[in-house]
Structure formats: structure tokens, C-alpha cells
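Shown next, in C-alpha cells, is the structure this report addresses.
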């Protein structure tokens, strides 16, 4: 219906098959059909998912399974991490309406990550995203289950379905997540060689910061490539151009 | 919280206690606390409602029971009848967003009727309402359960109240232009040392590209500082941390 692609719903380490089925049902009610599963606790397929999906079997049948979150979003340009708890990450925070606007206004592939039922996403997984997605909820009673979080996002997305015209604000499309990830790994490696990560107890936090800094840039594939060339140049010995 | 009173959620002849509990949970997530029950099939209180409410006991405790829908809405000025099927009634039809706007824009008491899980509201009950409330849903898969219908309405209502504020789009302010400029000059200098700019005829174009790439990042002062630290680390010889 729209020319912008529908967002992927990515369930990260979902615990109960029943909840996967309920999420599929919530999705299909609002026209979302593409689910990805990262390391579902009880394997896949899960016999408890089907009955809970109440007929949304097509979503379950098409669901793709990945070993890691990174792999599940490698082809996505915009990633939202759904969270309830506050995080010590400096990232944009959007509500379902704002997320839906961004998704519907883009021709790029978007993904929304939902964490395991009990614990939610790990901080490292949140750091993979371009923005945190939070449902503004009663602070005295925040008890949204997985399918409810999914349905609110799907509902907001579907509201924009007919209207939204992808704008061409983006001159060049964002690089797919996999390319940005390769850049960040490249940088991490080179920084590690130089002894940048110190003390060891701070290494993971520093790496999260680096990820956030570069994920937010909105660089295109061409720009990612250029920055990787700069990193190579910076770490290499000077080239004596006069000889060439 | 808002100056307009919160809407009543009226469950008409609900069948399963579990679904009443789930509806209560959905309500309280978005700050709705006033539930009315019309002739619940299994009487009231219902021992299955509590566990399904996941802690939203206050809603169940305060719930009022009525024999008929008419009595349940006697003190309400605006009544919405939630339906999925089309009706042969000439009435205004609103979606959750429009209903929430009307409710939030009025100082009058509003009620939203939800019918029994299987059959929905009787036509006579729909006729009691001022408007039909329908969630725009996938016509090929309309499978919204009671709690899901309630949560969408509660969510839209809360968006217009106090809960609607907590997202912080404003993160850290962007770094002043002078700091970003210093970063770009720093990078240019270090790249020049490494012989990155070649051939000379392309140097200005390449520098323009670098400026565009970094100007678009939206980095804060803190992030600019971090990136400058990375550039220093990349060009320096490895530090042997074990000695420090």
C-alpha cells in the first residue's frame, strides 16, 4: 500500500512460544507480516506458537531465525530498540507514533527489537539501535506484555499506511546496519591495537559509546566506505606520494 | 490528571474472568481506573480476574456492576460503542484517535462499551451510543481480542493526557560549530600527514566530502571530544598499558 517497506518485528530471545504466537496475531491485525526471531529459547518452530496466533499462521511460517541480533538486523538501515527501563545510553528516545512516522517516511528497511519477556534487551543490544522506542505508560503501573507492545507499534504504523508519503529528505539512503557494524568493528580493532581501551573494566561501556556515536550518524554506504578509508590511512605509516 | 474526566470502560456481558482481568491490566497501563461491568456471565467478583490483572487489582476492586447497559451509562454524556462488524445503523463512526480527541476535549463523562468476547454488542446496545468506535484493522485478518481493543483506546486516550510527555527527543545539544570545525581540521591534518589527499587536484573535493560526512553527524561536544581522542589514538604508536 505504501511505498515504504513495512518494519520488521524482531523478537530477541523470546521465551514462550505462546508469546511469539500472540505477537504474530498482534502484527497481522495491522498488516505486519515479517517477523524475525533471535535465538528463541525453546527453538523453532515451537508447537505452542500456532494456537496462540489465532490464525496468523502466515506470520509464523515466514518467520526467520537468526543466531544473533546483529545478524537479524544486518540488512536494516533504521533500528528501534523497544525498552521500558531507562538506560544509561545517550540515544534518541521516540514513542510509537514518532517511530511510525520515521518508518513510514522512509524508503529504507526498519526493524523494531523487542527483548525477552522478563528481562528485556541487553544494553549491548540497545546500543545496536538508532533510537530507543518507549511507550509512554503509567509510571505507577507499567505492565505491558510483549504482544501489547507489538500491537501498539503495529497500530501506529498502520495509521500511517495510506497517508504516508516517503519524503526524499534522505539524499542518499542510510547504509545497511551490517556495513555500519563492520565500520565499528574495524574502528574497535584498530583502537584496541593502540591500547585505547583502558582500563578493561570500562572497555564494554566505551565500546557502547563508540557504537552510539557512529550509529547515529546516518551515513550512507559511500560515506561508511570513506570513513573506513580514513581509519586505514590514520593507522598506516605515511605514504610518500612523491614517489608514485 | 487531565482536566477532562477519564472515560469509563464498560464491559457488557463479559464471558471470561480472565479477560476482565486482562482488560483491567490494559487500562491501568495507561492510567484508566474506572471499569463498569454489565451482567458478567460468571458473576462478580470472579476469582479468575485477579491473576490475569497482573497487579491491576485496584481497577477490579473499584469495578461497579450493573444489570443493564442503560443503567451502566446513565451518568455519561458521550457513549462510544466498540464494534468490529459493520452495522446497519446510521451513526457516526470514529477510530480510537478520534474518540480520544472527543473524550479529552470534553468536560463531560464518557463511556466506551465493549461487547461479549464472541458475539460483540447487540444492535440495541450499539444504538444507545453516540458513535461507533472501530479500530481500523487488516480486513483480511481482524482478530482483536477484548484486552487489545481496550488497550488501543486507553493508549490513545493517554496520549492526550499527562503521560504523553515522557519522551525526550532532545538529547544532548549539538556541539557548537567551532568544535566540529576543530575536529574536521584535526582529521584533515592527520590525514594529510599520512598522504591521504591524493592527487592534489582532488584534495579540496575530498576535504569537502569529509566536512559533509562529519557535519551531518549531529554529535554533541562530548562525542566530538571522544572522536578526537580516537583520532589521536589511531595515529599514535601503541601504548603499552601494562607498564602504567
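Some points to look at:
- Wholly within segment B:60-148, helices (runs of 4 or more DSSP H) carrying at least 2 residues that are crowded, with 19+ Cβ neighbours inside 10 Å, out of contact with any strand residue (DSSP E or B) (no Cβ under 6 Å at 6 or more places or on another chain) and within 14 Å of chain A (Cβ to nearest Cβ): B:96-104
- Residue within segment B:174-183 that is closer than 30 Å to residue B:13 by Cα and under 41 Å from the mean Cα position of the chain (by Cα) present: no
- Candidates A:32, A:37, filtered to the one that is touching a strand residue (DSSP E or B) at 6+ places or on another chain (Cβ under 9 Å), farther than 21 Å from residue A:119 by Cα and outside any helix (DSSP H, G or I): A:32
- Residues that are farther than 30 Å from residue A:33 by Cα and at pLDDT 90 or above occur at least once in segment B:167-182.
- Given (1) surrounded by 21 or more Cβ atoms within 10 Å (Cβ to Cβ); (2) closer than 25 Å to residue B:156 by Cβ, index of the condition residue B:57 fails: (1)
- Subset of segment B:199-212 that is touching a helix residue (DSSP H, G or I) at 6+ places or on another chain (Cβ under 7 Å) and farther than 28 Å from residue A:208 by Cβ - its residue that is nearest to the other protein chains (Cβ to nearest Cβ): B:209
- Candidates in segment A:213-237 are the residues that are crowded, with 19+ Cβ neighbours inside 10 Å and more than 7 Å from every other protein chain (Cβ to nearest Cβ); of these, the one that is modelled with the lowest pLDDT is A:215.
- Test: residue in segment A:3-14 that is assigned to a loop (DSSP other than H, G, I, E, B), within 14 Å of another protein chain (Cβ to nearest Cβ) and within 23 Å of residue A:105 (Cα to Cα): yes
- Residues satisfying the stated conditions in segment A:24-57, i.e. in contact (Cβ under 8 Å) with a residue 60 or more places away in the chain and more than 20 Å from residue A:111 (Cα to Cα): A:41
- Among the residues of segment B:185-198, those that are facing chain A (nearest Cβ under 8 Å), modelled with pLDDT of 90 or more and within 22 Å of residue A:222 (Cα to Cα) comprise B:187, B:190, B:191, B:194, B:195, B:196.
- Residues located in segment A:47-59, provided they are touching a strand residue (DSSP E or B) at 6+ places or on another chain (Cβ under 9 Å) and not in a helix (DSSP H, G or I): none
The values are calculated or read from the model by the stated rules, or taken from the named source; none is laboratory data. These numbers come from a predicted model, not from an experiment. Glycine gets a Cβ as well: all are built from the backbone with ideal geometry, and neighbour counts include every protein chain shown.
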